[in-house]
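The values are calculated or read from the model by the stated rules, or taken from the named source; none is laboratory data. Every value quoted in this text rests on a predicted model; they were computed, and no experiment measured them. Backbone-built Cβ (ideal geometry, glycine too); neighbour counts: all protein chains shown. Accessible surface is based on the protein model in full, side chains and every heavy atom, while ligands, DNA and RNA are left aside. Shrake-Rupley method; radii C 1.70, N 1.55, O 1.52, S 1.80 Å.
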Amino acid sequence: MARRSYDQFCGLSRALDVVGERWTLLIVRELMSGPKRYSDLSEVLTGIGTSLLASRLKQLEVDGIVRRRYLSPPAASTVYELTDPGQELADAMVPLALWGARHHTSEDPKSDESFHAEWSLLFLARMLDKDSLRGVTTRFEFNVGNSVATLQLQDGSPNVQAGPPETPADAVIWTEPPTMAAIAGNRMTVTEAIENGLVKIDGDPDALQSLLEMLEASLAQRSGS
């Protein structure tokens, strides 16, 4: 597939040759939570257009970032998932997403802007120290505005999925998108958000306290404080 190149012998320019096209990194973001069908991607990436989505996925396959896999019955469908290099790219996207959150407006999303709770959680979950999660198995439900997502910690492996958990969560968190962005951007600590009534919680206090401490430690480390 022909595409433009910066024609520079530089790591950044090489990376942009691969992921610099519009929508490409957002496709990778959607696959960070696990395999997705084409229809799943098309539904959440409103505005991309079917032909452009197909083109971007094909190019990501050529570049070794994404692969297709066929699910056996009863699912019987083809899904797209990140390869090992794709997972490395997802990790590299975390500081970029947090940089965006630091410079994000504190106002509510505009009327024409979509929002999904799992978007912020995906990057926050990748920041958690996996060694500190060893032996930890717990489930959190995040209600952010009108969107719900689940964070599952399973013995060192954090996983984020859209929607509420299939079984009751150990703790439930309620907040709004601007607060979530402020926390992710380290413009507000989790403790400050709770004290100011911007985050409400219910459930297992020990499980929640452990998660909040890990999040604040990770955010502080990222900001260099």
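Evaluate the following for Thr50: is it more than 16 Å from the chain's Cα centre (by Cα) and at pLDDT below 95?
So Thr50 fits the description; yes.
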By residue number, the members of the stretch 134-171 that are surrounded by fewer than 16 Cβ atoms within 10 Å (Cβ to Cβ), hydroxyl-bearing (Ser, Thr, Tyr) and assigned to a strand (DSSP E or B) are Thr137, Ser157
If we keep only residues of the stretch 172-219 that are open to solvent by 30 Å² or more (accessible area, probe 1.4 Å), in a helix (DSSP H, G or I) and of a type in the set (Gly, Ala, Ser), then the residue nearest to Leu96 (Cα to Cα) is Ala217
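Filter the stretch 68-97 for residues that are of a type in the set (Ser, Thr, Tyr) and not in a loop (DSSP other than H, G, I, E, B); which is most open to solvent (accessible area, probe 1.4 Å)? Give the derivation first.
To start, the set of residues in the stretch 68-97 that are of a type in the set (Ser, Thr, Tyr) comprises 70, 72, 77-78, 80, 83.
Right, trim to not in a loop (DSSP other than H, G, I, E, B) and you get 70, 77-78, 80.
Working: Tyr70: 136, Ser77: 26, Thr78: 65, Tyr80: 28 Å².
Ranking the qualifying residues of the stretch 68-97, first place goes to Tyr70.
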Here the residues within the stretch 6-32 that are exposed (fewer than 12 other Cβ atoms within 10 Å of the Cβ) and in a loop (DSSP other than H, G, I, E, B) are Asp7, Gln8, Phe9, Cys10, Arg22
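Can you confirm whether Leu128 is under 13 Å from the mean Cα position of the chain (by Cα) and farther than 21 Å from Pro35 by Cα?
Yes: the conditions hold for Leu128.
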Subset of the stretch 37-70, residues closer than 20 Å to Pro85 by Cα and among the acidic types (Asp, Glu), comes to Glu61, Asp63
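What number of residues within the stretch 44-53 satisfy the criterion of being free of Cβ contacts under 8 Å to residues at least 24 places away in the same chain and under 18 Å from Arg68 (Cα atoms)? So that I can check it myself, show each step before the final result.
Step one: filter the stretch 44-53 for residues free of Cβ contacts under 8 Å to residues at least 24 places away in the same chain, giving 45, 47, 49-51.
Checking which are under 18 Å from Arg68 (Cα atoms) leaves us with 50-51.
Of the residues in that region, 2 qualify.
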